[in-house]
Amino acid sequence: MADTLFLILSVLTVATALLVVLNKNAVNAAMFLLLSLVGLAGLFVLLDAPLLAFVLILVYAGAVVALFLFIIMLLDTRPGSFPAFKPLTVTAALLGAALLSLGIWTLVHRAVLPLTPKSVPMPTMKHYAEMLFTTYLLPVQVVGFMLLIAMLGVIVLSKKYTETEDAK
Amino acid sequence: MSTELLKAVAASNDWWALGPEMTLAVGALLLLVLEIFSPKKDLRFVPPLAVFTLGLTLITVVANFDKTWGGEALFGGLIRLSASGQIARVFFLVSSLLVCFLGTICLPRARVPRVEFYHIVLVVTAALMLLAQSNHFVMFFVALETVTIGFYILVSYYRERTLSLEAGLKYLVLGALSSAILLFGIVLIYGAVGRVVVDGVVHNGFEFGTVFNFLRANPDNFLATAGALLVIGGLAFKIGAFPFQIWVPDVYQGAPTPVTAFLAVSSKAAGFAVLLLLVRVFAPLQAVLVPVLSLLASATILFGNLSALTQRNTKRLMGLSGVSHAGYLLIGVVASFSQSAAAGAVWFYLFTYLLASMAVFGVMAYVAGPDDSGEELEHFERLAKDRPFLGTVLAIGIGSLAGIPPLAGFMGKLLLFVAAFQAHLYGLLAVAVVGVVISIFYYFGWIRAAFFESWSPPAPGTAPVIHPVAAAATWAGIATLAVLAIATVVLGFFPWPLTSWLLR
Amino acid sequence: MLSNAQLLQLAIATPLVAAVIIACGLPKRFAVKLAVVAFTAPVLLALWLWAQFPAVDAHTYSFLSTTYTGLGGLGITLKLGLNGISLPMFLLAAIVGLAAGLYALRSGAERLKLYLVLLLIMHGGLLGVFASVDIFFFYFFHELALIPTFVMIGIWGGRDRSYAAMKLTIYLTAGAMLSLLGLIALYVKSGANSFDLIELKDAIAAHALAGHTQTWIAGLLLLGFGTLVSLWPLHTWAPLGYGAAPSSAAMLHAGVLKKFGLYGLIQIALPLLPLGLQHWAWKLALLAGLGNVLVVGFVTMAQRDLKHMLGYSSVMHMGYCFLGLAALSTVGTGGVVFLMVAHGLSVALLFLLATSIHHRTHTFDLTEMGGLAQKTPVLAAFFVAATMAGIGLPGFANFWGELTIFVALWKFSPGLTAVAISGVVISAIYGLRAAARVFFGPPSEALQRVHAQHPPADLDWREKLPALLLLAALLFFGFYPKAISQPVDQALAGPVAAVKILPPR
Amino acid sequence: MMTLLATAPFYGLPSYLFVSALLFAIGFFGVLLRKNTLVIYMCLELMLLASTLALVAFSKFNGTLDGNVFVFFVLTIAAAEVAVGLAIIVALFRQRHTVQVEELNQLKH
């Protein structure tokens, strides 16, 4: 059961990820990204992290991909401007892909990995909360400031600057 | 989880140890609050307040310099105060002070909001300081990303200039790429190190000490080695090392001058502060990392210097010469695997680089026109004759960057070379010498533009070139530049104040 | 009353302090007076110290003093002192510095104050080079003197000044970097943890360096210093640079600063790396003998430009110095020191006179000159005397230097001695031919036109005084060679005797 | 709930790692090959997501929760990055009316 599920979900994730790269249209790419996310969320569930799967769908599917779609529609870019890959680029990409596959293969086969998971109880929301607000309190604060400057940054980049600030 | 455990964790959260970072955060928030309540949008208080916050923090750090809380890990192992962390704090504070100074020159000429700039600079500074003291990969990544996101915004800050936005986009794409690579490396290390139980306490694979212990026991672990290489690859982007230097010239050219200086000095120094931390963590992997870093260093030196040769734009020149400086510094990093004194040499070099670069960027800020466009070498012609003070400061700054005695940059190179010799890095030294000699070409070209051409009369029939010195230097500007130049000269003759600090 | 060690410090500090004072905005009238004082004081102090010599403090050094600089952790202290080898060089630097300074005051250069500041820094740096016992400061002072050279060529230089300044900067920076690496290598490998030459000597006496270590460090130093001294084929910067340099800078650089490399080889490499030098001796001798003396000798003969000719001839004479060094004997090394002093004085005099000729002919082209002896007999006399000194005729200091080197070289290789002696003939040919072209025979048409507009006057006293100073020193050492040979012999008694003299091959 | 994978040796950690590495590689080549900045941006997100998958898998097999907690931070950071990135793209589009990389070449080479 789990094996079949894993197979289906991983194929879904990887195949749609490939389509994100290979698709002509930016809108379609965003939709495939969404599908890929769903597959990924399924894998998270298989790994005993349903909460993370939930957050992933909420944040990514709900916010990030929606934002992408919104921007694509807003900018209304020409569809079908799929690049004609130059031979050099393709060669380089194939070479890189070969090297990378080799790397992944060695990574998976040479690495000394635990084959069975540790049998610990599945983490609940409470576990996460406790860790975030005790051990990881400092990074949480820092991330808060990061979100603040990101927000300010978006405002600076989007808002029209008014001269009134130059009051002497 | 019991309340006892909560209390124990809370007790290890020694917030007082992070006083400087919190001061900056509070100062940054204060800027935003005051902006809302300031009458009639009179924002003259903003730069002085930012400078005051930074200055106050600097004073408290220097006053408590030796108070490093015994060096034990705080916040449950997220942060470790140390002497090198204190040095990093001082470095980033000084650098940000000077960035604010450059901001006061450049920002009023461009029609851009003021408060947000200083706010972001303050937050990024605090994040940089945390980054240099982190002892845990989660803290490390979060602080690093805060810095990086801050820089995305700052680089594209001139939102009405296409160049600035283009630079921002380039920095963003390559920065996010390097972050992803770095993150994947961290994940691999976490996976390899796994769960370690020492003295009954469970440690995870994020904590630096745990990683080190694991690597010492398993120096040939494939997964961890791959992870370490990916982390170093991601950091190579931050310091602008080969092959991740492609963003440097474009982003340096497009970014507003204060941001270029911030990138050149603080961002690069942050990369090296982290590399020096990680050298301790990854020490058992020397057999792999030393050749890789050596190769990186040689390629960086040669690439940086060779591609700087043909540049006419001074910002690109500073960027590419900065790439070569990153190469020299990498030699120090390689040396620090076997010579712990090399870390002090790297910091000394960074401080001399800070002084010299800021002096040069200060002059550039005055020479460039209102929209940062007057940065070609031609714009510096006759500078020494028309503005002898700016010319002198420029000459001292460039001389120090070129490593000419008796300026501070020479002492920096000397200390690095001695460390490299002690670590038997003869091949790297040879490359460095070749690099230094090549660099004389383009630094000399700049000096020639500013000094030598001015004595030749303009060709008959052509109007003399007038470089756009847009802003008349204020007394504060003159004083700052003078302090930078004098410090560069004095440290060349008498490096005791810094060396006594860094080399102990 | 100041001690002799303090007087030595004073001699180095005077020009540097004067430079700072003038740079801070001293009015021009006072600046000129201060500069005269600052150029003169070192000569007087150097003569006094020479009279006091030897007052040996330790390890053949006199007048030792140590100032701490904050680099104690690295083993760097500002240690000053003179031994038998550095004393003549110090005196040379002081004399040529005074001559160059006096001549600079006469030159009427644009922005005279900046010119004087740079010259004073150069002068102070040169004095510091030869008085440094610490090899870090030995290098440091060299660079201090070198930087003004680039600037002076860049600003006040003649033809191709930008290109010349650039080429000079790159060659000399490369050479300086390589020698710096060699010095750092010595510091690290000796285990002395100090840049102090005396401590280095002690450490190496206790633990001699392995043969191959000596070989590669000596190779680095020879390559680096060789570039600085214009060893063939790394010499191409010299004629170009001297051709473009303003006269005072050329006098100081060709006369004194260039000797830095040879001085370093004698003072540092010879006692510390005897086996290394022995390994390279034959290669060095062949490069210097065939390259510097023969090839450059012929190139010199082909020059039409007076200043280029002087530049090449100075490259050629450096070949003798390398040959004397390669002989690896007390006699040869003593000859090199002697020739360095003598050549420094004579080449400075020749550069001075060349500029004086240019003032009267408005050209450096030898084919466009002629007949100047009738109009300016004093200039002609000086020039002929300086040329004869350069060739090495008896009565001038150069004679003793070349003679000693040939004697030492004979034991090393009779073949190379023959080459070196043929070099004397070559230098006689180009030297005398130049003198003949400039001063005798009919003046060219171009020159007549120039003279019609600017009738040439003979040397005035501001030119005569420095020229006389240099010529007097040349003659003094020519007739009283003991003034140099005695301290040199004393200093060389120790180190070189330890080197086994090579059997002739 | 029992662990689903306790009896599945084949689809153990290496398999998850393989999927994660594949996703990472796909994203990486997407960044290199595509010219549309929006698509490049999606590929960058894919790379970050690949890391989170590996994190969750490692966390599970190592038996520590820290990896899962780190995922929270990674997601937050990725979201912030997207926000800033899209703002820059929009601002640039207003000036230049393109999102194609090869047309954004005002900076000299």
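Quick look at the numbers
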read-out: Conditions (1) within 14 Å of chain D (Cβ to nearest Cβ); (2) assigned to a helix (DSSP H, G or I); (3) crowded, with 24+ Cβ neighbours inside 10 Å; (4) in contact with a Phe, Trp or Tyr (Cβ under 9 Å, 6 or more places away or on another chain): number failed by B:Pro249; value: (4)
read-out: Filter result for B:Ala88 (farther than 24 Å from B:Ala476 by Cβ and either surrounded by fewer than 13 Cβ atoms within 10 Å (Cβ to Cβ) or at pLDDT below 85 (or both)); value: no
read-out: Any chance B:Gly319 is closer than 23 Å to B:Val418 by Cα, assigned to a helix (DSSP H, G or I) and not charged (D, E, K, R); value: no
read-out: Residue ID - nearest to D:Leu13 (Cα to Cα), chosen from residues in the range A:38-55 that are surrounded by 22 or more Cβ atoms within 10 Å (Cβ to Cβ) and at the interface with chain D (Cβ under 7 Å from one of its Cβ atoms); value: A:Leu47
read-out: Residue among C:Thr330, C:Thr361, C:Thr367 that is in contact with an Asp or Glu (Cβ under 9 Å, 6 or more places away or on another chain), among the hydroxyl-bearing types (Ser, Thr, Tyr), touching a residue at least 60 places away in the same chain (Cβ under 8 Å) and surrounded by fewer than 22 Cβ atoms within 10 Å (Cβ to Cβ); value: C:Thr330
read-out: Test result for B:Ala226, over 16 Å from the mean Cα position of the chain (by Cα), within 12 Å of another protein chain (Cβ to nearest Cβ), farther than 22 Å from B:Ala308 by Cβ and among the small types (Gly, Ala, Ser); value: yes
read-out: Members of the range B:134-186 that are farther than 28 Å from D:Leu53 by Cα, more than 7 Å from every other protein chain (Cβ to nearest Cβ), part of a helix (DSSP H, G or I) and not hydroxyl-bearing (Ser, Thr, Tyr); value: B:Leu154, B:Val155
read-out: Counted residues, the range B:400-412 - those being within 9 Å of chain C (Cβ to nearest Cβ) and touching a residue at least 40 places away in the same chain (Cβ under 8 Å); value: 5
read-out: Test: residue in the range C:223-234 that is farther than 30 Å from C:Trp156 by Cβ and touching a residue at least 40 places away in the same chain (Cβ under 8 Å); value: yes
read-out: Scan of the range D:25-57 for residues that are touching a Pro at 6+ places or on another chain (Cβ under 9 Å) and not hydrophobic (A, V, I, L, M, F, W, C), ordered by number; value: D:Arg34, D:Lys35, D:Asn36
read-out: Condition check for C:Thr169: without any contact (Cβ under 8 Å) to a residue 12 or more places away in the chain and facing chain B (nearest Cβ under 9 Å); value: no
read-out: Unmet requirement for C:Ile76, which otherwise passes all of (1) at pLDDT 85 or above; (2) closer than 27 Å to B:Pro495 by Cβ; (3) surrounded by 22 or more Cβ atoms within 10 Å (Cβ to Cβ); value: (1)
read-out: Cβ-Cβ under 8 Å pairs, at least 6 apart or on other chains, the range D:47-61 side closer than 19 Å to A:Tyr128 by Cβ and within 7 Å of another protein chain (Cβ to nearest Cβ), far side among the charged types (D, E, K, R) and surrounded by fewer than 24 Cβ atoms within 10 Å (Cβ to Cβ); value: D:Lys60/A:Asp48; D:Lys60/A:Lys118; D:Phe61/A:Lys118
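Residue-wise test of (1) modelled with pLDDT of 85 or more; (2) under 27 Å from C:Ile204 (Cβ atoms); (3) crowded, with 24+ Cβ neighbours inside 10 Å.
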| site | (1), (2), (3) |
| --- | --- |
| C:Val229 | yes, yes, yes |
| C:Pro271 | no, yes, no |
| C:Ala281 | no, yes, no |
| C:Leu287 | no, yes, no |
| C:Ser314 | yes, no, yes |
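The values are calculated or read from the model by the stated rules, or taken from the named source; none is laboratory data. Just so you know, these numbers come straight off a predicted model, no measurement behind them. Using ideal geometry, Cβ is built from the backbone for each residue, glycine included, and neighbour counts are taken over all protein chains shown.
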